[in-house]
Structures are given as structure tokens and as C-alpha cells.
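Q: I have a structure here, written as C-alpha cells, and I will follow up with some questions on it.
The values are calculated or read from the model by the stated rules, or taken from the named source; none is laboratory data. From a predicted model like this one, the values you see are computed outputs, not experimental measurements. Neighbour counts are summed over all protein chains in view; Cβ atoms, including those assigned to glycine, are modelled from backbone coordinates with ideal geometry. Remember, those area values only see protein heavy atoms, side chains included, never the ligands or the DNA or RNA. Shrake-Rupley method; radii C 1.70, N 1.55, O 1.52, S 1.80 Å.
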Amino acid sequence: MTTQATTGLRGRHLLSIADLTADEAVLILDTAEAMKEIAARPIKKVPTLRGRTIVNLFFEPSTRTRTSFEIAEKRLSADTLSIAVASSSVVKGETLVDTALNLEAMKPDMIVMRHSASGACHLLSRVCRSHIINAGDGLHEHPTQALLDAYTIREKKGRIAGLKVAIVGDLFHSRVLRSNVLLLGKLGAEVWACAPPTLVPAGLDRLVTVTTSIHEAVRDADVVMMLRIQLERMQGHFFPSLREYFTVFGLTPERARLARPDAIIMHPGPMNRGVEIASEVADGPFSVILDQVTNGVAVRMAVLYLLAGGEASEG
Amino acid sequence: MPVVMDAGRVAKTITRIAHEIVERNRGLEEIALVGIRSRGVPLARRIADAVATISGTTIPVGSLDITLYRDDLMRHAVGPQPVVRKTDIPFSIDDRRILLVDDVLYTGRTVRAALDALIDFGRPQSIQLVVLVDRGHRELPIKADYVGKNLPTAPHESVQVRVAEIDGTDEVVVEGGEA
């Protein structure tokens, strides 16, 4: 059969959006568009990754991301196993590198990892031969989430360049924010970020427009992306109370109306209703929150497919 | 680089294939064309247009990308993955007679992949194969039902079908003949 024109990813891992060029990001989105159609078939499975073994290694709780990766892997016919930390040797005191090397000894092809330490996936990529995919590392990045967000924006708005995207919420603890700022910036969006001053990471104002006024952030926005208040990561008092947070920073129907009439409302989940977003908005006609979840599978299939290509083991 | 079919010949061949399809298939409404990306798709559309002109029956056309079904996909030691394009079959293939359309029939591996892909969309009543050029050198037991031109070639040669929709011109050329 004839060889098609090829364009691929330069790296063998997906550790961060920072490593991707705009062209590579667009390749992932274009590939995801083709992958999305598979979910509409009577048989939602293609034989592409037959015989490949993928380990999902999750050191933090996750429903959406882990399920999404598992479904993506199965739709590509890979053999997959998911390891939850509670049932692994980690609780017996094994180090991350030892856990990884032991898994490697069983010859998987890819490891999808979520870890509470920023940079954990980079560490793994230096000791492992498998392709490493970052499913969220500490406060650092969550690249596939940003890619599915970009995919959803492009699908709904037809483009990304030139759009005003307002990201509102717990910026400080959010790896979703970090990946999105980098990706949407590469793709030409005008990004605004809004949070109480205690939740704005240092240096963010060098990359995007930072404001403490949700009105200013949301006004005339094409996309409003709400981020979860990550109570489980908060050791300290970042704001007086959840109720006060909602009063000042919550996305209410009135505030949502400041955005453009055709704006879309996004949230990476899990949502805290009545904290960062009002239920009426989350369930309203402009919400694309569940589309994001649907698109996540297609985007992850695209990433798995594109990374499974070139083998560095070639001698 | 010898041109073995020019635009006029390609047009006549498509018309002839359309006549053969009309002649051999009673009940044209049960038929659907599925073009294999990339060049099988415009060829399928043109065949559908020609059938409509001859018989007055409009036949639905779908497009199939077989990349994810290729048997050589994971064999490449290095290099990026082939680009995956969209498959779009906007009708049920169940109990239909499917005419699979491709530009060149060579090893048969593309057709094998396309058959696997099609079966994932349902259970057609039958699948027939239409190709503009059959250049020989089959590696699988696959045979075309409608052939535009039989073109004996050497394995080191390459047969390029160009179509106006993609390449700006209609022609078939053989490259790499006398090295």
C-alpha cells in the first residue's frame, strides 16, 4: 500500500504542553477529529494498537481522566491495566522509580501517569523506555485536558485564534490553568485569568491578563472556563468562606450574560456547584461541559495513536 | 514519465465503469459507493454522478479512511504515524450492496484493511471492488470486479493516479520505469 504523507510528534512522550509546537497541537486536534467519528460506529473499536500494553498509573484519585484514557485505549484495541495506588506497593513504601522500573520489567509500551508531585512524569521519562503520558502532575500540567479544551473550543467556535478566553477560579492549584495558558497562547487566543489575589500564581501576569474582577474577565468573552476550588489542596486560608467566594467570583447567570451572546461555558470537572459555578449556568444552554468529556476520549485516542509511532528502540 | 491515461481517457473510463455498474446491478437503489481516501473518494463521486446521468438514480457516496486498519502501521521502526483522516459514511451499510472504490489496486493490502473497516459499520449484503487501475503484484487473494485499466508494471515502478479535485489534473502516470 502506498505510504501517505506523514507529519508527527517530535517527542516520544507527552509530558507538557510546553514541549509541543503549535503545529503539533493542531495535528493532535485534527487527528482527534477523525477519532471522534469512531464513537458513532456500531462497533466502537479499531485494531490500531493491537498487542500494545498500556499501564494507567494513578497516584491521585481520578474518575474522568482515568476512565477517559481507559476507554480511549480500549477503542484502539490496546491491552490496558489500571493501577490504583491504594492497592499497590506504594503503600508499602516503594519509591516511584522502583515502581516504574518494576512495571517496565513487564514490558508495557506506554505508561499514563497521574501524580501529586510536579515533574513526576519527567522523572519517569528519564528512567523508563515506555512512552510516558502525563495525566496530571501536581501543580504543573495536565496536557490532555488542555488539548480537549482546545478541541472543544475549536469545534464550537470554528477557531481559537483571536477569541477571548476567560479562565476564572483557583488558578494557583490548577495544572489545567497552566496547560491551557500555554496551549491557548500558542494557538493565538487572548487569555484572561481571574481569581482572588491569594490564588494567582506568581508570574502569571507575564503570560496573560490577570484581573480580580470577574466582570472584567467575562465581559465580551467568547469562552468562559471555570476552574474548581481545590479544597483538598488548600492548607491555609485563601479566602474567608465558600459562600463569600461564590458571591464575589462565582459564575452566576447575571455574570454569564456579560459574555458574548454566543459564548460557551466550560469546566474541567469535577464541579463544585454553588462554589465556582451556579447550577443554572452549569446546566444551561451555553454549557459545553459534557462535550468536553466526550471530546476527551477522542483527544486521548489521538495522543495514544500519534505517540505509538516511531520506536526509539530501533538499533 | 509516461502518461498512460490522460484526462479524456480517465473520463471515458469512469463513464464505462458507470455503465457496467448499471448493467450488472438490478435495483440500483440498494447500492452505495464508498471511496477509499484519498483518491478513491473523488472517483466514487464521479462514478455516482455518471450513474445518475445514465439511470436517473442517485447513489449515496461515503468516504473511508483505512489508516487505523493498516497491517503495517506498527511495524515502522522509526518515523511518525500516517495522518488519520475522517471517515464519513452517512448511511447505513446494512443489507446494502457496497461498491468499494480505489484508484490503484496493487498488493491488495489497502482493500483488505478497507474490508475490515467496512465490516465494523454493519453487515452489507455484498461488497464489490472498483478500481481505476489494476497494476498487478497481489499479495493477498483479492480481485477487482470493475477495472478501469489493467496496467502491467514492474514492482519497482510507481503508478500515480492524479485527480482534478486533489491534484488539479486528471491523469495516470507510471514513474521510475527505466532506472
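Q: Per residue, how many Å² of accessible area does region A:139-235 show with a 1.4 Å probe?
A: On a per-residue basis, region A:139-235 sits at 34 Å².
Q: Label the protein assembly as shown by shape, choosing from rounded, prolate and oblate, from the square roots a ≥ b ≥ c of the eigenvalues of the Cα gyration tensor; if a/c is under 1.5 it is rounded, and otherwise prolate applies when a/b is larger than b/c, oblate when it is not.
A: prolate
Q: Subtract the Cα-Cα distance of A:E280 and A:R126 from 0.36 nm times their separation in residues, and report this length gain in nm to one decimal.
A: 50.8 nm
Q: Something else now. For the pair B:N150 and B:E175, what calculated FRET efficiency results from E = 1/(1 + (r/R0)^6), where r is the Cβ-Cβ distance and R0 = 30 Å, to the nearest 0.05?
A: 0.95
Q: Once both axes come from the Cα atoms, what is the angle between helix A:22-38 and the longest principal axis of chain A, in degrees from 0 to 90, rounded to 10?
A: The helix A:22-38 is inclined about 80 degrees to chain A.
Q: Assuming a ≥ b ≥ c are the square roots of the Cα gyration tensor eigenvalues, decide whether region A:97-199 counts as rounded (a/c under 1.5), prolate (otherwise, with a/b larger than b/c) or oblate.
A: Cα axes put region A:97-199 in the oblate bin.
Q: If one takes the longest principal axis of the Cα atoms in chain A, at what angle in degrees, from 0 to 90 and to the nearest 10, does the Cα axis of helix A:289-307 lie?
A: On a 0 to 90 degree scale, this one is about 30.
Q: Looking at chain B as a GNM with Cα springs under 10 Å, which of B:I166, B:I47, B:I59 has the largest mean-square fluctuation?
A: B:I166
Q: Also: By the gyration tensor of its Cα atoms, with a ≥ b ≥ c the square roots of the eigenvalues, what is the shape of chain B: rounded for a/c under 1.5, prolate for a/b over b/c, or oblate?
A: Since a/c reaches 1.5 but b/c is at least a/b, the shape of chain B is classed as oblate.
Q: Okay, moving on. What total accessible area, in Å², is buried where chains A and B meet, using a 1.4 Å probe and rounding to the nearest 100?
A: 2600 Å²
Q: Report, in deg cm²/dmol and to the nearest 500, the calculated mean residue ellipticity at 222 nm for chain A, where each DSSP H run with n ≥ 4 adds -39500 (n - 2.57) and the sum is divided by the residue count.
A: -10500 deg cm²/dmol
Q: Using a 10 angstrom cutoff on alpha carbons, build the Gaussian network for chain B and name the most mobile of B:G40, B:G108, B:G27.
A: Of B:G40, B:G108, B:G27, the Gaussian network model singles out B:G27 as fluctuating most.
Q: Something else about it: Over chain A, what is the percentage of antiparallel beta bridges among all DSSP beta bridges, to the nearest 5?
A: Counting only bridges with both partners in chain A, antiparallel ones make up about 5 percent.
Q: Return one number: the angle in degrees, 0 to 90 and rounded to the nearest 10, between the long axis of the Cα atoms of helix A:143-157 and the longest principal axis of the Cα atoms of chain A.
A: 60 degrees
Q: Using a probe of 1.4 angstrom, how much of the accessible area of region A:1-152 is carbon and sulfur, in percent?
A: Carbon with sulfur: 54 percent of the solvent-accessible area.
Q: Length gain on complete extension for the stretch B:I166 to B:H19, per 0.36 nm per residue less the alpha carbon to alpha carbon distance?
A: Extra length from B:I166 to B:H19 when fully extended: 50.4 nm.
Q: Using the structure shown, list the pairs from A:K45/B:K143; A:K36/A:K156; B:K12/B:K149; A:K36/B:K86; B:K86/B:K143 with a Cα-Cα distance above 20 Å, or answer none.
A: Pairs exceeding the cut-off: A:K45/B:K143; B:K86/B:K143.
Q: For Cα pairs less than 8 Å apart in space and 6+ apart in sequence, what is the mean separation divided by the residue count of chain A, i.e. the relative contact order in percent?
A: 20 percent
Q: Hey, another quick one. Using a Gaussian network model of chain A with C-alpha springs under 10 Å, which one of A:T152, A:T144, A:T21 is most mobile by mean-square fluctuation?
A: Taking springs between Cα atoms under 10 Å, the residue moving most is A:T21.
Q: Any idea what the dipole of chain A comes to, in debye rounded to 20, about its Cα centre with Lys/Arg Cβ at +1 and Asp/Glu Cβ at -1?
A: Dipole of chain A, to the nearest 20 debye: 400 debye.
Q: Pop the C-beta distance of A:T247 and B:D71 into the FRET formula with R0 = 60 Å and round what comes out to the nearest 0.05.
A: For A:T247 and B:D71, the calculated efficiency is 0.50.
Q: Place +1 on the Cβ of every Lys and Arg and -1 on the Cβ of every Asp and Glu in region A:140-184, take the dipole about the Cα centre, and give the residue among A:L147, A:V181, A:V165 whose Cα lies farthest towards its positive end.
A: Final value for the positive-end residue is A:V165.
Q: Same structure, new question: Report the antiparallel proportion of the DSSP beta bridges in region A:69-204 as a percent, rounded to a multiple of 5.
A: 10 percent
Q: Could I ask something else about it? Quick one: compute the contact order of chain B, relative version, from alpha carbon pairs under 8 angstrom and 6+ residues apart, as a percent.
A: Once divided by the residue count of chain B, the mean separation gives 25 percent.
Q: Restricting to bridges with both residues inside region B:30-179, how much of the DSSP beta-bridge set is antiparallel, in percent to the nearest 5?
A: Roughly 20 percent of the DSSP beta bridges within region B:30-179 come out antiparallel.
Q: Shifting gears a bit: Between A:K44 and B:E30, what FRET efficiency comes out of the Förster formula 1/(1 + (r/R0)^6) with R0 = 25 Å and r the beta carbon distance, rounded to 0.05?
A: Once rounded, the FRET efficiency stands at 0.40.
Q: Oh, and also: When the dipole is taken about the Cα centre of region B:1-133, and only Lys, Arg (+1) and Asp, Glu (-1) are charged at their Cβ, what size is it in debye, to the nearest 20?
A: 260 debye
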